[in-house]
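Please read the structure below before turning to the comments.
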Amino acid sequence: MSTPIRFAIIGLDHWYTAIELAKECAAHPGIDLVGIADLDEAHARQIAGETGVERVTTDLQEFINDPEIDAIASMVSVDLNPDIVIAAAKAGKHILSVKPLARTLEEATGILNAVREAGVTFIPAETRLRDSALNQYLHDLVTSGKLGTLVSGNLIVSGGLPTPWPGEEPTGGWWVDPQRAPGGGWIDHSIYQIDLLRWLLGEEVVSVSGHAANLVHKDLDVEDYGHAVIEFAGGATFGVEDTWSGPKGAWRNELSLIGTEGAVSVDTATGKVSTFGVSGEPGWTHEEYPSAARDAIAPLIAAIRGEETVLGTIEDGWINLAVCRAFYDAAESKRAVTPEALPGGSGEKSR
């Protein structure tokens, strides 16, 4: 049996991912969760207590400087992420990064260069959803040709403001601070949808247009509503709408993919996956969501060990952010924008 990977979590700012990750790592035999670092010591000690981790620090560089640690998860706010992951790459650590990886493409390029030079594994957090049972099912539908050629679709997340910490009021926290985050309600979830579409189609985005606004939270310095129209190289076009302007407690995720031979629709409000032209039956058929049960850590371990996984790379993280930046440029200029090209081309996978 392989020696467990010695792992540390740096930052609990993005607690939605960080807390779940800490619990999953602590329970997995392939991971030795060494410690948790956060600028808020009380938060770090709380999660350490819940996961049985003994080592806690407020020094965000401590685990990076520890030669015994193999990999880190950087779950700090986005403004802090470039310094953390660049230092980790230079120290030879493998990296799971918060989403998005940076606020600007200039910052993202600094990360890209550091990771490429170090030759470490870099996993953008948004790409971990590729391994969910639902997304694996969608990938099979698309790549098997059961839907024919994808031509259009819509992806929508309707939600409210983020919660700074579990149990607190949803005031937005660092997510609504334009000095700490690259945008508001749109990028918060669209980055997952962009990665999903790129992965499903195996193509890149060639044009983005859209609209951003504050429909409910007028006093925010970032948008609470965004709607993009995204065109891919093969011509397929998708609407991507993400909001913090929904009614409290009515979080909803909707997805539709339309092909020349069939279609699929997913809606968390009903818990159903509906397909047309797939089952052999006439009309639409409706089934329960695929099981959410999965080993979320196994793909992470495989990637760190240099094995093939569905998880993305530093290049994916850069490209996903480039599409998001194109949306904000398009919303401001009121014209379609082509995302910037990846420096140095597609590159080799960072393994």
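Contact map, segment 69-85: residues that are β-branched (V, I, T) paired with residues that are surrounded by 23 or more Cβ atoms within 10 Å (Cβ to Cβ) and assigned to a helix (DSSP H, G or I), Cβ distance under 8 Å, separation 6+ or inter-chain. Pairs shown: I72/I84; I72/A88; V76/I84; V85/I111; V85/V115.
Looking across segment 210-255 at every residue that is under 25 Å from T171 (Cβ atoms) and among the aromatic types (F, W, Y), the one that is modelled with the lowest pLDDT is identified as W251. Please give the number of the condition A303 fails out of (1) surrounded by 15 or more Cβ atoms within 10 Å (Cβ to Cβ); (2) assigned to a loop (DSSP other than H, G, I, E, B); (3) modelled with pLDDT of 90 or more. With (1) surrounded by 15 or more Cβ atoms within 10 Å (Cβ to Cβ); (2) assigned to a loop (DSSP other than H, G, I, E, B); (3) modelled with pLDDT of 90 or more applied to A303, the lone miss is (2). Of R45, R103, R55, all but one fail to be within 16 Å of W165 (Cα to Cα) and surrounded by fewer than 24 Cβ atoms within 10 Å (Cβ to Cβ); the exception is R45.
For segment 18-37, check the following and say yes or no: at least one residue is among the acidic types (D, E), over 22 Å from T121 (Cβ atoms) and not in a helix (DSSP H, G or I).
No, segment 18-37 contains no residue that is among the acidic types (D, E), over 22 Å from T121 (Cβ atoms) and not in a helix (DSSP H, G or I).
Does Y328 satisfy the criteria of being farther than 27 Å from V85 by Cβ and not hydrophobic (A, V, I, L, M, F, W, C)? No. If you go through segment 223-244 and pick out every residue that is crowded, with 19+ Cβ neighbours inside 10 Å and assigned to a loop (DSSP other than H, G, I, E, B), you end up with 4.
Being under 23 Å from G172 (Cα atoms), in a helix (DSSP H, G or I) and in contact with a His (Cβ under 9 Å, 6 or more places away or on another chain), is that true of even one residue in segment 54-75? Within segment 54-75, not a single residue is under 23 Å from G172 (Cα atoms), in a helix (DSSP H, G or I) and in contact with a His (Cβ under 9 Å, 6 or more places away or on another chain).
Okay, residues lined up against (1) within 19 Å of L300 (Cα to Cα); (2) among the acidic types (D, E):
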{"position": "E54", "(1), (2)": "no, yes"}
{"position": "I72", "(1), (2)": "yes, no"}
{"position": "M75", "(1), (2)": "yes, no"}
{"position": "P82", "(1), (2)": "no, no"}
{"position": "V98", "(1), (2)": "yes, no"}
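Exactly one residue out of A37, A22, A26, A42 is outside the structural domain of H189 (by TED's automatic domain parsing), free of Cβ contacts under 8 Å to residues at least 12 places away in the same chain and of a type outside the set (D, E): that is A42.
The values are calculated or read from the model by the stated rules, or taken from the named source; none is laboratory data. This structure is a prediction, so every number in the text was calculated from the model and none was measured. Every residue, glycine among them, receives a Cβ derived from its backbone with ideal geometry; neighbour counts consider all protein chains shown.
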